[in-house]
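The values are calculated or read from the model by the stated rules, or taken from the named source; none is laboratory data. Computed from a predicted model, the values in this text were never measured in an experiment. Using ideal geometry, Cβ is built from the backbone for each residue, glycine included, and neighbour counts are taken over all protein chains shown.
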Amino acid sequence: MTRSRKALGLLVAIPLALIACTQVPAAAPAAPAAPVEVTREVEVTRIVEVTVAAPADAAAAAPTSTPAPAAPAAPSGFGETLKAIKARDKLICGVNSQVPGFGFVDSAGAFSGFDIDYCKALAAAIFNDVNKIEYRPLTAEQRFAALQSGEIDVLIRNTTWTLTRDTDNGSNFVATTFYDGQGIMVPKDANITKLEDLDGATICVQKGTTTELNLADQMAARNIQYTPAVFEDANGTFGAYAEGRCDAVTTDKSGLVSRRSVLPDPENHVILDVTLSKEPLGPMVRHGDDQWFDIVQWTVFATFAAEEFGITSENVDSVIASDTRPEVKRLLGADEKVDLGAKLGLSKDWAANVIKAVGNYGEIYDRNLGPNTKTAIPRGINSLYTNGGLLYAPPFR
């Protein structure tokens with residue numbers, strides 16, 4: 001999927017500032033020189049506590065009871081994201097607006113798509129209101145800086161999880177929501193069936209993405225010569241391809257299916273069987289706030305678990321009222337003795353609110369990518385582990 005390179009973090013050293021001033025009292029003419037009195041003012045920017053062994057007599061006087069261990073200190077920024085979201089009364093979600101089925105805005109300004117539904121799931125978990133969201137459309141190159149700077153609370157924009165993105169951007173990926181792979185689309189009448197047929201071709205690709213790098217790696221490995229035609233965003237990339245300015249276009253296969261659906265003649269374009277890469281896509285959050293990381297991750301897991309347990313947006317209320325399975329009761333906030341929501345800083349029924357608002361994973365998938373949509377993509381490995389796929393939620397306990 002499209003990716004931008006991570007910004008390098010800067011290490012800032014904080015010096016210990018020492019400010020010294022000298023005060024010398026005036027000496028009487030006949031008196032001997034007075035000793036010089038020196039006063040030093042020290043500005044300390046950091047205090048480090050060091051444990052020192054107590055003297056023997058102090059130890060003898062110490063109480064014999066062992067004090068209770070202190071609670072571990074919260075990480076820097078813990079809870080700050082949720083606090084800020086509640087204070088402004090809305091979630092700011094960084095999204096795509098040019099990929100039907102995942103993140104797309106129509107002529108009326110309405111957002112829809114698989115990733116958009118996960119923004120709604122978070123708003124439901126926090127506010128029980130999917131309308132308390134500001135969608136912030138971002139290009140591939142803008143997205144990581146927007147997350148780092150605090151312009152957005154979460155990035156849910158068909159973004160591939162890679163090692164450098166997970167380390168260089170001051171951010172963390174949570175659970176993968178869509179497993180994908182990069183592909184190539186070509187005009188049907190070009191009679192291209194494999195990468196080697198693209199020797200000497202011009203290939204449209206989006207700037208600042210893993211797609212651009214994967215293409216270069218795969219073509220070099222096969223000693224295939226090609227010319228990349230690089231564009232800023234999906235509209236530019238696929239617009240050039242539709243105009244015949246390149247012989248092929250490449251991005252994640254899900255994106256190819258999505259964009260083919262809005263070409264003037266979608267039936268005249270084919271996606272090659274070759275898969276160039278692994279592209280695990282999912283939400284991304286800033287470093288430093290483990291509570292927010294947990295909220296986003298377990299909201300995703302709640303949609304997986306709901307499908308596994310057969311809980312849907314239609315039957316969730318009846319399941320709450322009658323289901324006796326312990327894990328289901330804990331998930332939905334129906335266990336009188338256990339409140340999992342409190343551990344996340346959310347209401348007890350947060351997961352039930354998510355399922356009522358957007359449904360389980362299968363409902364989200366079918367609504368945006370299912371067989372009755374223009375962007376129909378077989379679930380394949382995006383099925384539950386019980387059906388041979390990769391989706392798996394840890395226990396709600």
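Numbers at a glance
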{"quantity": "Subset of region 90-104 [β-branched (Val, Ile, Thr), modelled with pLDDT of 95 or more and either under 15 Å from residue 177 (Cβ atoms) or in contact with a Pro (Cβ under 8 Å, 6 or more places away or on another chain) (or both)]", "calculated": "95"}
{"quantity": "The listed residue being loosely packed, with under 15 Cβ neighbours inside 10 Å and out of contact with any Lys or Arg (no Cβ under 6 Å at 6 or more places or on another chain), out of 212, 196", "calculated": "196"}
{"quantity": "Some residue of region 328-335 being surrounded by 17 or more Cβ atoms within 10 Å (Cβ to Cβ) and within 25 Å of the chain's Cα centre (by Cα)", "calculated": "yes"}
{"quantity": "Qualifying residue in region 188-199 (condition: modelled with pLDDT under 95, out of contact with any Pro (no Cβ under 9 Å at 6 or more places or on another chain), part of a loop (DSSP other than H, G, I, E, B) and acidic (Asp, Glu))", "calculated": "no"}
{"quantity": "Matching strands (runs of 3 or more DSSP E) fully within region 200-260 where at least 2 residues are at pLDDT 95 or above and farther than 23 Å from residue 95 by Cβ", "calculated": "201-206, 226-231"}
{"quantity": "Selection within region 261-273 - β-branched (Val, Ile, Thr), under 29 Å from the mean Cα position of the chain (by Cα) and either in a loop (DSSP other than H, G, I, E, B) or surrounded by 17 or more Cβ atoms within 10 Å (Cβ to Cβ) (or both)", "calculated": "262"}
{"quantity": "Selection count where residues are closer than 18 Å to residue 83 by Cα and part of a helix (DSSP H, G or I), scope region 147-168", "calculated": "3"}
{"quantity": "Only one of 189, 153, 168 that is touching a strand residue (DSSP E or B) at 6+ places or on another chain (Cβ under 7 Å) and of a type in the set (Asp, Glu)", "calculated": "153"}
{"quantity": "Residue 386 vs. criteria under 23 Å from residue 259 (Cα atoms) and polar (S, T, N, Q)", "calculated": "no"}
